[in-house]
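Shown next, in structure tokens, is the structure this report addresses.
The values are calculated or read from the model by the stated rules, or taken from the named source; none is laboratory data. Computed from a prediction, not measured in an experiment: that's the story for all the values here. Quick reminder, even Gly has a Cβ in these numbers, built from the backbone with ideal geometry, and neighbours come from all protein chains shown. Side chains included, ligands, DNA and RNA excluded: accessible areas come from the protein's heavy atoms. Shrake-Rupley method; radii C 1.70, N 1.55, O 1.52, S 1.80 Å.
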Amino acid sequence: MNINTKILHDYPVIDPVTGSSSIPKYQTSTFHQKNVFTHTGFSYTRFGNPTVEAAEKCIASLENAQFSLAFSSGMAAINAVLFLLSKGDHLVLGKNIYGGTFQSIHLFLARFGIDCTFVDETDIDSWQKAIKKETKMFYIETPSNPLLTITDIKKVTELANEYQILTVADNTFMTPISQHPLDLGVDIVIHSATKFINGHSDVVAGLVATNNEELYQQLKEHQKALGGILGPEDAWLLLLGVKTLGLRMEKSVRNASELANFLVNHPKVTNVYYPGLEQHAGHSIHQKQCEDCGAILSFEVDSVKQIETLFTHCRVPIVAVSLGGVESILSYPWAMSHASMPEKDRLAMGVTETLVRLSCGIEDVEDLIADLDDALNAM
């Protein structure tokens, strides 16, 4: 079954009781038990809910996974996975990491006695050199946020397998439409479903998928014990939004490609980061492991004053935290997604005061180009 058919048919999409073409919102905290000594099916929504279960089966289908879990946010999903580590364990991850992940590592893992090493994610030798006897997990985010650096997933997972290290990949930017980390050897894949999977900027959600039953059982315990569960309302909205994922991504990716080519030739733009550009350092690796180049790009201008002018004059994209909506979203990583990182760490990973991230929506690309052109020329 191909991906666009899977999106519509390969998980619970019809209510088995009424035949409704939309899974109902089972907006309940608890479930009546006919036999108090034998609980069958559902008992309490923190442990499981039919609407949430449908969302979980959806991401399992799209990621070619046997097991999946839904969480109240992308960060709840990330933390549930990171908490697989124990005191004395060692984590290796790319230095170009999402600000929320960076914050969680420094707020919690360090306090819990878990050692972390940040490496150049583009260099397989740096992953090799970082390995210690205590290394238990490799954490991959490719393309990275917000500089779109590329990690060779297959090489990292092959290295991890050699040393019996668990591999985790954040697949939020590419979605299951374009990149399949589990098929490339990753053990656990994570999504902020707030982004492209839902696609309408009206849900906060996280998803995890794996083919390892033991890991699934551990993560299920984390889901219940940590309490970061997805609510039925958000699960229902996610199930509505995901139905158009394929069509939305097709248009958004096409827009991103055209915008990247426009920006790379604009005299007011100093750098463009987009894996679809041949000059992008990770272009060839990305082409090998993905089916397209994604819907997100970043670019730089000369000064903070120009940044202020750009954001003041842009009219079509909304200016906001987050990404992956049907509307284009212009973001300022320095003060938004990576604001929780110390300044020296932001600068070390290349997140400067003159960097802009653009999540491309499904508008007419001519309008997006004209709007950005006007804003850039006003600088």
So V272, is it within 18 Å of T122 (Cβ to Cβ) and at pLDDT below 95: no
Some residue of segment 29-47 being polar (S, T, N, Q), touching a strand residue (DSSP E or B) at 6+ places or on another chain (Cβ under 6 Å), farther than 30 Å from K132 by Cβ and free of Cβ contacts under 8 Å to residues at least 40 places away in the same chain: yes
Close pairs (8 angstrom Cβ cut-off, 6 or more residues apart or separate chains): at positive phi and assigned by the TED database to the domain that holds I150 in segment 269-283, assigned to a helix (DSSP H, G or I) and at pLDDT 95 or above anywhere: none
Any hit, segment 193-202, residues being open to solvent by 10 Å² or more (accessible area, probe 1.4 Å), over 27 Å from M249 (Cβ atoms) and out of contact with any Asp or Glu (no Cβ under 9 Å at 6 or more places or on another chain): no
Elements of type helices (runs of 4 or more DSSP H) contained in segment 149-238, each with 1 or more residues being within 16 Å of F138 (Cα to Cα) and in the same structural domain as W127 (by the TED database): 153-162, 213-226
Given (1) part of a loop (DSSP other than H, G, I, E, B); (2) closer than 24 Å to I285 by Cβ, index of the condition K129 fails: (1)
Residues of segment 104-123 satisfying the condition of being part of a helix (DSSP H, G or I) and buried (at least 16 other Cβ atoms within 10 Å of the Cβ): S104, I105, L109
Residue in segment 218-232 that is open to solvent by 70 Å² or more (accessible area, probe 1.4 Å) and hydrophobic (A, V, I, L, M, F, W, C) present: yes
Verdict on S68 being surrounded by 14 or more Cβ atoms within 10 Å (Cβ to Cβ), within 21 Å of A205 (Cβ to Cβ) and at pLDDT 95 or above: yes
Among residues of segment 182-191, those that are open to solvent by 20 Å² or more (accessible area, probe 1.4 Å) and either free of Cβ contacts under 8 Å to residues at least 60 places away in the same chain or under 13 Å from the mean Cα position of the chain (by Cα) (or both), counted: 2
Residue check, K95 more than 23 Å from I229 (Cβ to Cβ) and open to solvent by 70 Å² or more (accessible area, probe 1.4 Å): yes
Only listed residue being free of Cβ contacts under 8 Å to residues at least 12 places away in the same chain and either under 18 Å from I296 (Cα atoms) or not small (G, A, S) (or both), chosen from K136, K155, K129, K224: K129
Segment 361-370 - residue that is of a type in the set (D, E, K, R) and closer than 21 Å to H200 by Cβ and, of those, least open to solvent (accessible area, probe 1.4 Å): E363
Condition met for S104 (under 16 Å from the mean Cα position of the chain (by Cα) and at pLDDT 95 or above): yes
Those residues of segment 91-121 which are without any contact (Cβ under 8 Å) to a residue 12 or more places away in the chain and of a type in the set (D, E, K, R), in sequence order: R111
Selection from segment 134-181 of residues that are of a type outside the set (V, I, T), within 19 Å of the chain's Cα centre (by Cα), open to solvent by 10 Å² or more (accessible area, probe 1.4 Å) and more than 22 Å from N198 (Cβ to Cβ): L147, D152, K154, L166
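Per-residue answers, yes or no, for (1) within 26 Å of A169 (Cα to Cα); (2) part of a loop (DSSP other than H, G, I, E, B); (3) touching a Cys at 6+ places or on another chain (Cβ under 6 Å):
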{"site": "I23", "(1), (2), (3)": "no, yes, no"}
{"site": "Q33", "(1), (2), (3)": "no, yes, no"}
{"site": "T51", "(1), (2), (3)": "yes, no, no"}
{"site": "C58", "(1), (2), (3)": "yes, no, no"}
{"site": "L69", "(1), (2), (3)": "yes, no, no"}
{"site": "K87", "(1), (2), (3)": "yes, yes, no"}
{"site": "L93", "(1), (2), (3)": "yes, no, no"}
